[in-house]
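Structure first, commentary second.
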2 protein chains.
Amino acid sequence: MGSVRVLRAINGSSLVWNPKLRNPTVCARAFSSKMSPPSKAVVYDQHGSPDQVARVLDFPPVEIRDKDVCVKMLAAPINPSDINRIEGWNVSPFRFADFVSTLCVYPVRHPVPAVGGYEGVGEVQSVGSAVTGLTPGDWVIPSPPSFGTWQTYIVKEENVWHKINKNVPIEYAATVTVNPLTALRMLEDFVDLNSGDAVVQNGATSIVGQCIIQLAQIRGLRSINIIRDRTDAEDVREKLKKLGADEVFTESQLEIKNVKGLLGALPEPVLGFNCVGGNSASLVLKFLRQSGTMVTYGGMSKKPIAVSTSSFIFKDLALRGFWLQKWMSSDKAKECQIMIDYLLGLVREEKLKYELELVSFENFPVALDKALGKQGSHPKQVLKF
Amino acid sequence: MGSVRVLRAINGSSLVWNPKLRNPTVCARAFSSKMSPPSKAVVYDQHGSPDQVARVLDFPPVEIRDKDVCVKMLAAPINPSDINRIEGWNVSPFRFADFVSTLCVYPVRHPVPAVGGYEGVGEVQSVGSAVTGLTPGDWVIPSPPSFGTWQTYIVKEENVWHKINKNVPIEYAATVTVNPLTALRMLEDFVDLNSGDAVVQNGATSIVGQCIIQLAQIRGLRSINIIRDRTDAEDVREKLKKLGADEVFTESQLEIKNVKGLLGALPEPVLGFNCVGGNSASLVLKFLRQSGTMVTYGGMSKKPIAVSTSSFIFKDLALRGFWLQKWMSSDKAKECQIMIDYLLGLVREEKLKYELELVSFENFPVALDKALGKQGSHPKQVLKF
């Protein structure tokens, strides 16, 4: 059995993996002063279907250097983008299979082997001698998020960890970055919205969608929400209205000539969000007012967006896109942390909520199957370590 | 025969028309001090096919009030948008038949009866007593352009006329506003372009397209041009290259996976222009670089624009639209005049040229047939009065 270098934390770059080894051994550094506990991690050493290529492996202790912080992970979600990353495509909060043509141009496959997961929350277990801002017991999240959160212990330098207030449920702390932050940025970055303005979105039952409803309401904005046709549409409508939705329509309700006649006293929306594509995107466009903007952040239907020439010329619509990972790559670390704190504050005040299912890390295969949709519809799965 | 009020010039609003009258008579104002010559105008009293509904009528003299200027028109083009206006749709520089769904939402039919034409150039014939800025012999264009330029004499207040330098061919003075100004604005209003940047466009043989090539070159920009497949593609390519095009591709040349491999030393374009839609718009999108913008200003193929989700999320493209008429409606009179002078200066220096065909106003029906495409492909028809 050849030696392998130690798995150092969430960024896979320092990991040199021998795929033949199921239980790698360590060539420990000679003069390590302090070591992490052994760790368990979800690892994939090739791209493919996660239930085929991802496995839970044991890792030996790693050195905690002067500036390092050893974090015992508390919780980390299985986001659709985590699944895409294992499959080999680096995509947004939603999964698309129709990206092949783009991916020829933007091959963003991450290197393997790698540890799964992108966001999460943990508790500081121990710190290196030069660490000044964190102490054992603190709750921290990787912020901006980074890869490799599906493991029990992570050792990484102090500056990647953002200390958060502990009085929030771990499942919210674990999931605050990817979805709620997407919702918050999309409400901020495209149109200068004023209280009383309306926004329209499809995919309103997604966590981003639910966050948009609640964050819009907090800002005094009205929300028009489109959901797919479903047997429990009435229940879903009620649930979204309880969150603050002003209107909720099924797609088939909108197969009429004049959708704006349905708005009643609501203003025509100036900003729209699309995470579905196809006809559902066209419905968002139909609602938008003159010179409105539609932001695409997902493509769940796997269908392209079709836009008439007149939408651009006469209606003067603007179509844009949002990708949180790109946004965060542009030196937004501090801004990201401020927003995380704001969002967790809303969670504490019970102004921001969405459905999550905590699952023990031991049951990772079950949680993965649920996240893959193999067991019908389930809330987002959050691994509890 | 009932009386009708006098046809007062280019804006149809003061025209009260009795459609039964083929030769309207006038109820002349009692105390008119000064009258225009009688005029001939192309009038339509209902919307429909221009060769069915437009006819040349004689109009009696109208009063020239204190602030009025009587202009003898010299030339005015038949733009596709003029034809659309007669047909009943108020559209951009290109003709679309696929706008019905939009037009249900934005019914912008102009009132009838009306005089055709939207831009043109004329010579001041006489002025009212309070006119200070214009004298007989001056060349003027309506700026911003306004409706009703297809007539031999127009009487309208001084402030709608912009005096221009006379040393340009009348066919350029008559056509400088709609197409060249569209090209100029689209290069200015969407992306902050720097010398050396590239733009890409389809419909490159249109007058807007030819202007984009030349205006881009003047600004030190590179242009990548897409033309439809045609038997004379080589001739067209040579012609556009003579105007300053860096690259000219037919659509079928671009049916390859990696169009950017064709760029050679040219940078990936940051801005694209689409006046075709359908597959041709997709080719513009394929060329655009990360975070590029495509501006749609026409839809000659009558097909919608299809965009993949990934174009928005990963490639971060922005899609916008441009409509000159909307731009000019937002208090741009002065800016419009400055740009007109700039563009006519380029014409004088022979830095801006495009093909036009001057046709005597007596031959209006022939010019109209050519403009309607009934006699094959012809340069833009410009009526000479």
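The values are calculated or read from the model by the stated rules, or taken from the named source; none is laboratory data. All values derive from a computational prediction rather than experimental measurement. Methodologically, a virtual Cβ is constructed for each residue, glycine included, from the backbone with ideal geometry; neighbour enumeration extends over all protein chains shown. Just so you know, the surface numbers come from the protein's heavy atoms only, side chains and all, with ligands and any DNA or RNA stripped out. Shrake-Rupley method; radii C 1.70, N 1.55, O 1.52, S 1.80 Å.
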Selected residue (only one of B:VAL155, B:VAL168, B:VAL160, B:VAL176 is among the aliphatic types (A, V, I, L, M) and in contact with a Cys (Cβ under 9 Å, 6 or more places away or on another chain)): B:VAL155
Residue count, region B:284-303 (criterion: in contact (Cβ under 8 Å) with a residue 60 or more places away in the chain and under 25 Å from the mean Cα position of the chain (by Cα)): 9
Members of region B:293-302 that are surrounded by fewer than 24 Cβ atoms within 10 Å (Cβ to Cβ) and at pLDDT 95 or above: B:THR293
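Among the listed residues A:LEU346, A:LEU283, A:LEU352, A:LEU319, which satisfies the condition of being in a strand (DSSP E or B) and either under 30 Å from A:ASP197 (Cα atoms) or outside the structural domain of A:GLY209 (by TED's automatic domain parsing) (or both)?
After ruling out the rest, the residue left standing is A:LEU319.
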Any hit, region B:325-346, residues being crowded, with 21+ Cβ neighbours inside 10 Å, of a type outside the set (S, T, N, Q) and within 14 Å of another protein chain (Cβ to nearest Cβ): no
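State yes or no: is A:ASN363 open to solvent by 10 Å² or more (accessible area, probe 1.4 Å), within 14 Å of chain B (Cβ to nearest Cβ) and assigned to a helix (DSSP H, G or I)?
In short, no.
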Among (1) within 21 Å of A:TYR172 (Cα to Cα); (2) more than 22 Å from the chain's Cα centre (by Cα); (3) basic (Lys, Arg) - the single one A:ARG185 does not satisfy: (2)
Residue count for region B:163-178, restricted to those that are open to solvent by 20 Å² or more (accessible area, probe 1.4 Å), touching a residue at least 40 places away in the same chain (Cβ under 8 Å) and over 14 Å from the mean Cα position of the chain (by Cα): 4
Residue ranges of strands (runs of 3 or more DSSP E) in region A:126-226 with at least 3 members modelled with pLDDT under 95 and farther than 23 Å from A:GLY278 by Cα: none
Test set (1) without any contact (Cβ under 8 Å) to a residue 24 or more places away in the chain; (2) over 17 Å from the mean Cα position of the chain (by Cα); (3) assigned to a helix (DSSP H, G or I) - A:ASP331 fails condition number: (3)
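Examine region A:194-204 for a residue that is in contact (Cβ under 8 Å) with a residue 60 or more places away in the chain, more than 23 Å from B:ALA318 (Cβ to Cβ) and under 24 Å from the mean Cα position of the chain (by Cα), and state whether such a residue exists.
No; the residues of region A:194-204 include none that is in contact (Cβ under 8 Å) with a residue 60 or more places away in the chain, more than 23 Å from B:ALA318 (Cβ to Cβ) and under 24 Å from the mean Cα position of the chain (by Cα).
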In region B:244-277, the residues that are open to solvent by 10 Å² or more (accessible area, probe 1.4 Å), outside any loop (DSSP other than H, G, I, E, B) and either within 12 Å of chain A (Cβ to nearest Cβ) or within 13 Å of B:ARG222 (Cα to Cα) (or both): B:GLU247, B:LYS260, B:GLY261
A:PHE312 outside any loop (DSSP other than H, G, I, E, B), within 9 Å of chain B (Cβ to nearest Cβ) and either touching a strand residue (DSSP E or B) at 6+ places or on another chain (Cβ under 6 Å) or over 25 Å from B:GLY292 (Cα atoms) (or both): yes
Members of region A:179-202 found to be surrounded by fewer than 22 Cβ atoms within 10 Å (Cβ to Cβ) and of a type in the set (Val, Ile, Thr), listed by number: A:VAL191
